[in-house]
Amino acid sequence: MIKQLFKYGRAGRSGAIQQMVDEWLLLVLPVAAGGIVLSWWTARGLNWWGAVVLGGFVLVYAIYFLTPGARQRIQQWTVLAKREIRRDYLRGLFTPSLTDSQELTSNKVIQRDLAGIGRLDSFYGVFLPAICASGFSFLLLIGLAIAWHSWLWLLPILCFLLMGVGMMCLQKISPNINRQYLQGFLRLGGPFLDDLGGMNTLVMYGAQKRYGQSFAEDAEFFRGKTMALLKYQLQSLFILNGLVFATMGAGAFVLYPAVANGGLSIVQAGVLWLLLAQLLVAERQLGYFFHIVMSTRPALKNIFRVIAAGGEVPQSAYTAVTAPVHTVTFAQAGFGYPDGQPLWQDVSFVLQPGQLYGLVGENGTGKSTLARILRGELAPTAGQVQFNQTDIDQLTTADFLQHVGYLNDHPYLFSGTIAENISLGVRNQTDWWQKVRQLGLCAFVETLPEGLATPIGENGRFLSPGQRQQIAFARLVLMNKHIYIFDEATANIDADNVQVMMTVMKRLSESIIVLCITHEWRSIEALAVIHFLTNQHITTGAAPVLYQDNAGFKRLLDTQKEMEAAG
Ligand SMILES: Nc1ncnc2c1ncn2[C@@H]1O[C@H](COP(=O)(O)OP(=O)(O)OP(=O)(O)O)[C@@H](O)[C@H]1O
């Protein structure tokens, strides 16, 4: 997993590694260079080698502090890597082989995974630099120990092991304390939220006192467990610091005889001891952040499974219709849910590029059900439905995903920026934003101070419903499907946004199949051909003709007009 994380953000990686090395050098150089020079001078007097070492030391400091952006290079790598992981992950979610896997792609899992990507800062920003620092310090210590005194190389190994064992013992205790804390939280939080809605009922039956009592017991349990967790966290810090000091004491204890019997000078012992302190501090930092990295492990495991699936699967291996879909045919098709009346029957029509089609009908007449058939979620119970000349029962989930784009009135947006959300399904395309703008979508983005880089919050909560809808709309259009179904996609948004979206639908319908499901007057106006679903059957015509000839259509439209006029 570390290897996979390391692969990301290649453009910023070498700079970040450079910064890690620089930071380590900044820590050890004063000690190592000072020590080497001092011991040299005490042994052989002032010479130019010492001056070279000191000069090098000054040079590293100068390079580090004078190079512009040198101190942000790890941060830049983190940002790049997180962005790429997120992009590959979200693309992987649209992979045909994953679409049947509820376990990998449910909303909850996606949320956890995205939060996991968000927490990768500690991996790139703290964990890797700490690994780097402790690794280099370890090697330097061993090298100096071997050079100065034969058996002293054992010192860093022993100290490192001592610290490691101590931290492992602490790690062993923590899952139990965390579990108890979570238990307390669930015991209190879940029922509290459930009961809050039913508080009136509780009061009505006089049960609030009993409820209050059990609530107080659960609250006390939770308080106890929270305090135990806090105590543990404070104690672990204390114990970790104690371990560092104790191990340094043990180090001094080992170094003393070497100095006493003349095998090591005081300066050399001092250098070894200070370097040992730096090694232990880096190791302590590793231990402290280890649990954060471990807590993102389940999310990372899922993220890389999704990414791997996204990269490997050739689309053609899963699809029965490889050519673009240019005709959708309903031939005497019918559908009824099990144990129910047929919703509609003997439905025949053809959808082709060139016209903006509408599917209009009263609530509950079965419009969304028809869309579910076109998305492969349901099969017709009578007659035939075909994509080109292929019956849809021959098609696979991958076919439907590849050919059909669907948008309803509650699309899901991910926390992140507008750009990340819109470009979700874009592959190898750099001009996606121009395409969106050419269609006349998302003009509002250009009025935002941060533009495409504006964060939108979970499910786009920082945006208006119309803006959310335009982003979801643009995201779908960029996926280049052959059939688009907009199912009440313009419901609940203001008139300006409706107009923008209807204009785009019209433009799209010139070259691909577009079906707009609606019962709103403001959308119906823009439709060229309407399939009106009423009394289990379809009547087809242009809006003015249907309005004149079909009493049901006239009634529906008049009611809608009145409602829309009343706001
Ligand atoms: N899974 C299901 N099992 C049984 N009946 C269902 C199921 N899903 C929907 N229905 C019923 O089928 C009928 C048609 O539902 P559908 O959602 O297709 O209608 P609609 O025309 O899209 O309605 P609306 O305009 O309100 O969205 C409704 O009476 C609905 O209750």
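Residues checked against (1) assigned by TED's automatic domain parsing to the domain that holds TYR357; (2) more than 16 Å from the ligand (Cβ to nearest atom); (3) modelled with pLDDT under 90:
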residue: PRO465; (1), (2), (3): yes, yes, yes
residue: ILE471; (1), (2), (3): yes, yes, no
residue: ALA474; (1), (2), (3): yes, yes, no
residue: ASN480; (1), (2), (3): yes, yes, yes
residue: ASP487; (1), (2), (3): yes, no, no
residue: ASN492; (1), (2), (3): yes, no, yes
residue: MET502; (1), (2), (3): yes, yes, no
residue: LYS506; (1), (2), (3): yes, yes, no
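Just the residues that are more than 16 Å from the ligand (Cβ to nearest atom), buried (at least 22 other Cβ atoms within 10 Å of the Cβ) and not in a loop (DSSP other than H, G, I, E, B), please, taken from the range 508-530.
Quick first cut of the range 508-530, residues more than 16 Å from the ligand (Cβ to nearest atom) only: 508-514, 525-526, 528-529.
Those left that are additionally buried (at least 22 other Cβ atoms within 10 Å of the Cβ): 509, 513-514.
Within the range 508-530, ILE513, VAL514 meet the criteria.
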*asked:* Can you tell me which condition ASP339 does not meet? The list is (1) in contact (Cβ under 8 Å) with a residue 24 or more places away in the chain; (2) within 10 Å of the ligand (Cβ to nearest atom), and all the others hold.
replied: (1)
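Considering each residue of the range 139-153, count those that are of a type outside the set (A, V, I, L, M, F, W, C) and closer than 14 Å to TYR256 by Cα, and give that number. It would help to see each step written out before you state the result.
At the first step, the residues of the range 139-153 found to be of a type outside the set (A, V, I, L, M, F, W, C) are 143, 149-150.
Those left that are additionally closer than 14 Å to TYR256 by Cα: 149.
Count: 1.
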*Is one or more of the residues making up the range 270-279 at pLDDT below 85 and surrounded by fewer than 16 Cβ atoms within 10 Å (Cβ to Cβ)?*
no
*asked:* Which of the numbered conditions does ILE392 fail, given that it passes all the others? Conditions: (1) in contact with a strand residue (DSSP E or B) (Cβ under 8 Å, 6 or more places away or on another chain); (2) touching a residue at least 24 places away in the same chain (Cβ under 8 Å).
replied: (2)
*List every residue pair whose Cβ atoms lie under 7 Å apart, where the two residues are 6 or more positions apart in sequence or sit on different chains, the first residue falls within the range 465-479 and is over 15 Å from TYR406 (Cβ atoms), and the second residue, located anywhere, is small (Gly, Ala, Ser) and part of a helix (DSSP H, G or I).*
ARG468/GLY460; ILE471/GLY460
*With ILE157, ILE173, ILE177 as the choices, which residue is farther than 30 Å from ARG223 by Cα and part of a helix (DSSP H, G or I)?*
ILE157
*Only residues in the range 534-550 that are without any contact (Cβ under 8 Å) to a residue 12 or more places away in the chain count as the first member; pair them with residues that are surrounded by fewer than 17 Cβ atoms within 10 Å (Cβ to Cβ), Cβ under 8 angstrom, at least 6 apart or cross-chain, and list the lot.*
TYR547/LYS554; GLN548/LYS554; ASP549/GLY541
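The values are calculated or read from the model by the stated rules, or taken from the named source; none is laboratory data. All values derive from a computational prediction rather than experimental measurement. Positions of Cβ are backbone-derived with ideal geometry, glycine not excepted, and every protein chain shown enters the neighbour counts.
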